[in-house]
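Below you'll find the structure, written out as structure tokens, and then a few comments.
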Amino acid sequence: MKHFYRYYRPVINSILFGLLFIWAGIAIDKEKYNETLIALLVFFQPLIYPLITNQLITKKKLNSIYFLITSYAIYYLAAYSYFLNDYTYHSIFFGTFSSTLLYQLLSRYFFETKASLFLIITIAILSSISFIPFQFDRWNYSYFGLGIFLWMLINSIISTINLKRNNL
């Protein structure tokens, strides 16, 4: 069992923390909590994902710092596209696609993973699809939480498969 968790840790952690995002969205929709809860989760999401998938653990500490800074920058550019979604209807798909593409390319550069460009583009497309429910009802925070959950799950599954395939 310990070997199973160690092997699939990014996926299991993504499921657990992703459920936290869904719970936060449902709680906000039912008005049990104010939007401060989702703001805290949104603020910590660019830190949570690299930590739970062990992407910040590297021998090169400077790369980890650069990666964390770029992770926050990419995430907030995507969040800005979600804000623009109120004015430009499909900007959430562009924001999710471009931020995931950039995130995966930077992961490839900083940590020298062997992900192919085809795999990176596939991850970006699947990540964009994960926000379809939120696109239909942009004021439903449970759909936003579901989108983050699916994004984390898609990225962790494919990244884990790629790492195991390349023996990294």
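Tabulated results
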quantity: Segment 107-127, residues that are hydroxyl-bearing (Ser, Thr, Tyr), over 26 Å from Ala27 (Cβ atoms) and modelled with pLDDT of 80 or more; calculated: Ser116, Thr122
quantity: Residues that are of a type in the set (Phe, Trp, Tyr) and either at pLDDT below 80 or surrounded by 19 or more Cβ atoms within 10 Å (Cβ to Cβ) (or both), drawn from segment 9-34; calculated: Phe17, Phe21, Tyr33
quantity: Some residue of segment 157-166 being closer than 17 Å to Ala78 by Cα and either modelled with pLDDT of 85 or more or not β-branched (Val, Ile, Thr) (or both); calculated: no
quantity: Members of segment 155-168 that are surrounded by fewer than 21 Cβ atoms within 10 Å (Cβ to Cβ) and touching a residue at least 24 places away in the same chain (Cβ under 8 Å); calculated: Ile157, Ile158, Thr160, Asn162, Leu163, Lys164, Asn166, Leu168
quantity: Sole residue being outside any helix (DSSP H, G or I) and either under 17 Å from the mean Cα position of the chain (by Cα) or of a type outside the set (Lys, Arg) (or both), chosen from Thr100, Thr122, Thr96, Thr113; calculated: Thr113
quantity: Meets criteria (without any contact (Cβ under 8 Å) to a residue 12 or more places away in the chain and of a type outside the set (Lys, Arg)) for Leu146; calculated: no
quantity: Conditions (1) farther than 23 Å from Ile28 by Cα; (2) surrounded by 16 or more Cβ atoms within 10 Å (Cβ to Cβ); number of the one not met by Ile148; calculated: (1)
quantity: Residue that is modelled with pLDDT under 75, in contact with a Phe, Trp or Tyr (Cβ under 6 Å, 6 or more places away or on another chain) and of a type in the set (S, T, N, Q), where the choices are Asn54, Asn63, Asn85; calculated: Asn63
quantity: Residues (of a type in the set (A, V, I, L, M) and within 17 Å of Ala78 (Cα to Cα)) located in segment 121-153; calculated: Ile121, Ile123, Ala124, Ile125, Leu126, Ile129, Ile132, Leu146, Ile148, Leu150, Met152
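The values are calculated or read from the model by the stated rules, or taken from the named source; none is laboratory data. Quick caveat: nothing in here was measured; it's all calculated off a predicted structure. Reconstructed Cβ throughout: ideal geometry from the backbone, glycine too, with neighbour counts over all protein chains shown.
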